[in-house]
């Protein structure tokens, strides 16, 4: 299900967006969706990384947890 959202975007960004959409043969809407999804995933990764860095030296991580983390990373990279 999709939701219509209205946002204000500077003209220069709209121009770049339309140019990229044309080059990639995609709609502006699908390209914006891709960028938003990427941005959300990137923020989550950065937050997780920051949490992990803050824990370094404070906790011991179970080997099974490390394996699970590696698996999650590889699955996330495939999307």
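Where a number appears in this text, it was derived from the coordinates with a stated rule and is not lab data. Predicted model only: the values in this text are computed from it and were never measured. Because the Cβ atoms are built from the backbone with ideal geometry, glycine has one as well, and the counts that use them run over all protein chains shown.
If you check 53, 69, 31 for being surrounded by 10 or more Cβ atoms within 10 Å (Cβ to Cβ) and farther than 30 Å from residue 1 by Cβ, only one passes: 69. Among the conditions (1) loosely packed, with under 10 Cβ neighbours inside 10 Å; (2) more than 14 Å from the chain's Cα centre (by Cα), the only one that residue 75 does not satisfy is (2).
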